[in-house]
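Report on the following structure.
The values are calculated or read from the model by the stated rules, or taken from the named source; none is laboratory data. Only a predicted model underlies this, so the values are computations on that prediction, with no experimental measurement involved. Cβ placement follows ideal geometry from the backbone for every residue including glycine, while neighbour counts extend to all protein chains displayed.
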Amino acid sequence: MFLHIDAPEAGVQVPGGGALPHETVGQAAIREAFEETGAAGLALGEVIGNKLMPIQESPVPYQVSTYCWLTTTETRDSWDHFVNSHDGDHGMRFRCEFRPSTSAGLDWGFDIFLDRAVKRFKTSHGRVTCAG
């Protein structure tokens, strides 16, 4: 998960963003997570859910958000990261952390599938953390 250093009102979030035309959902999730965290060795675990969300002031009335479980070889518990991307996030500063999933404190409904994912991944993978 991460916090916006320069915009604390943005709350606690997980990486996210749109897929480029040539990307699969997994490729987009890995790219966005790397851009927004710089975490090492990201890989797609699996898609854990989809959510249809209305969007205001847009040519399309809804967007589908796909939530993915990623794994990482990152060894740091927490770090600051400057986003390096070709979109509006470029230059943003994030405070990235791994937290126990039970105390992740995600805002904006980003935890919609967290309980289901934790139950599934505790069964098959042991220790579970909410990675950003």
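What the table shows:
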quantity	calculated
Residue in the range 63-71 that is closer than 19 Å to A7 by Cβ and modelled with pLDDT under 90 present	no
Output for the range 61-100, where each listed residue is touching a Leu at 6+ places or on another chain (Cβ under 6 Å) and polar (S, T, N, Q)	T72
Looking only at the range 1-38, and only at residues there that are among the small types (G, A, S) and touching a Gly at 6+ places or on another chain (Cβ under 8 Å), the one that is nearest to T75 (Cα to Cα)	A33
Pairs, first surrounded by 11 or more Cβ atoms within 10 Å (Cβ to Cβ) in the range 42-62, second among the basic types (K, R), C-beta under 8 Å, six or more apart	I48/R116; I48/R120; G49/R116
Residue that is surrounded by 13 or more Cβ atoms within 10 Å (Cβ to Cβ), at positive phi, touching a residue at least 40 places away in the same chain (Cβ under 8 Å) and of a type outside the set (D, E), where the choices are G26, G11	G11
Every residue from the range 1-46 that is among the β-branched types (V, I, T) and touching a Pro at 6+ places or on another chain (Cβ under 7 Å)	T37
Odd one out for D89 among (1) free of Cβ contacts under 8 Å to residues at least 12 places away in the same chain; (2) part of a loop (DSSP other than H, G, I, E, B)	(1)
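Condition check ((1) modelled with pLDDT of 90 or more; (2) among the hydrophobic types (A, V, I, L, M, F, W, C); (3) out of contact with any Cys (no Cβ under 8 Å at 6 or more places or on another chain); (4) within 19 Å of V12 (Cα to Cα)) across all residues:
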| site | (1), (2), (3), (4) |
| --- | --- |
| A28 | yes, yes, yes, no |
| A33 | yes, yes, yes, yes |
| F82 | yes, yes, yes, yes |
| H86 | no, no, yes, no |
| C96 | yes, yes, yes, yes |
| R99 | no, no, no, yes |
| G132 | no, no, no, yes |
